[in-house]
1. Hey, can you grab everything whose amide H is under 5 Å from the amide H of L80? Only 5+ residues off in sequence or another chain; H modelled, so Pro and N-termini drop out.
2. Show which aspartates and glutamates lie in cross-link reach of K238 when reach means a straight Cα distance below 12 angstrom and same-chain residues fewer than eight apart are skipped.
3. What accessible area per residue, rounded to a whole number of Å², is obtained for segment 133-253 using a probe radius of 1.4 Å?
4. Show me, for segment 155-166, the HN-Hα J-couplings you get by feeding each phi into the Karplus relation (A = 6.51, B = -1.76, C = 1.60, θ = phi - 60°), rounded to Hz, glycine and proline as x.
5. Run the reach check for K143 against lysines, Cα to Cα strictly under 26 Å, same-chain hits fewer than 8 apart removed. What comes back?
6. How would the chain be classified by its alpha-carbon gyration tensor: rounded, prolate or oblate, with rounded meaning a/c under 1.5 and the a/b versus b/c comparison settling the rest?
7. Hey, can you grab everything whose amide H is under 5 Å from the amide H of G28? Only 5+ residues off in sequence or another chain; H modelled, so Pro and N-termini drop out.
8. Show that you can apply the helix-only estimate: for the chain, add -39,500 (n - 2.57) for every DSSP H stretch of four or more residues, divide by all residues, and state [θ] at 222 nm to the nearest 500.
Amino acid sequence: MNNATINHLSSEEIKVVLRAADEIIARGGRTLLAKILKGSREKKVLELELDKCPVYGAFRSETLEEITKKIDWMIDYDFLAIEYSGKLPMIVFTDRGWQIEADQRADEFLIEWEQWLDEGKIDPEMSYLKDRNREMILLFLDKIKESGNKQFIPYLELWEKIDYKKVRAEIRSTIKILESDEIIEQQSMNTRVESINKALEGLAPQDFLLKCWECGDRFTFTVEEQKLYRQKGFVHPKRCKSCRRKKRYEDYF
Ligand SMILES: [Zn+2]
């Protein structure tokens, strides 16, 4: 195993990895994620249309090994996690990772709408917004409110026609706020930005103490062990080292 440490990823790099991960959440593992970032032309990547992801090939100049180290860093620093689907280890977001990704996805949608306005697009197909993560959709609507841009109203009306009742109600209230010229309080926006910046700092791994199920002793779960466990998708050991050894011995005989 290569233990060479890598530097703290920049906020930009963290966002890039999260954006790529979003394409394969709970469907793909570290290797596939690394291939998106590398810009691989492999069959599976193209079949899943991962080459259409906006950050496809973002780390093109790096080797797959270097990219994989960045992904592992993201797992160590609590932005991504591994979960098993049957025997396959899949990438999933941690709360921290999802908080950042939901925000940047909502921004991506907003930027797209701004581009549509620039292009004078009048009847965009809105079904792409249906069945998305609800939390992210509400965040998108908040950002539309904060923009105060009335030109978005026709798009909101198109969207309102095709979505579910709960989302429709939120769209309606967004339209009302835009029509009323109400100034949105900056407070919630500032709090959100602050909390995203805090999330981007990540959580540096630390040794911590666990209590053994078997003998009740406290034992240290080291950073190195945590890395191995996380990469395998395990949470933490139940038994201390000597009880683990004893158990293996008993299982053997
Ligand atoms: Zn023990």
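1. Long-range HN contacts for L80: I75, T94.
2. Excluding near neighbours in sequence, the set is E214, D217.
3. It amounts to 68 Å² per residue over segment 133-253.
4. Taking θ as phi minus 60°, the curve returns 5, 4, 5, 5, 5, 3, 5, 10, 9, 6, 3, 5 Hz for segment 155-166.
5. Hits, sequence-local ones excluded: K15, K52, K121, K130, K161, K165, K166, K176, K198.
6. prolate
7. Residues meeting the amide H criterion: I91.
8. So the calculated ellipticity at 222 nm is -17500 deg cm²/dmol.
The values are calculated or read from the model by the stated rules, or taken from the named source; none is laboratory data. Only a predicted model underlies this, so the values are computations on that prediction, with no experimental measurement involved. Keep in mind that these areas ignore ligands, DNA and RNA; they rest on the heavy atoms of the full protein, side chains included. Shrake-Rupley method; radii C 1.70, N 1.55, O 1.52, S 1.80 Å.
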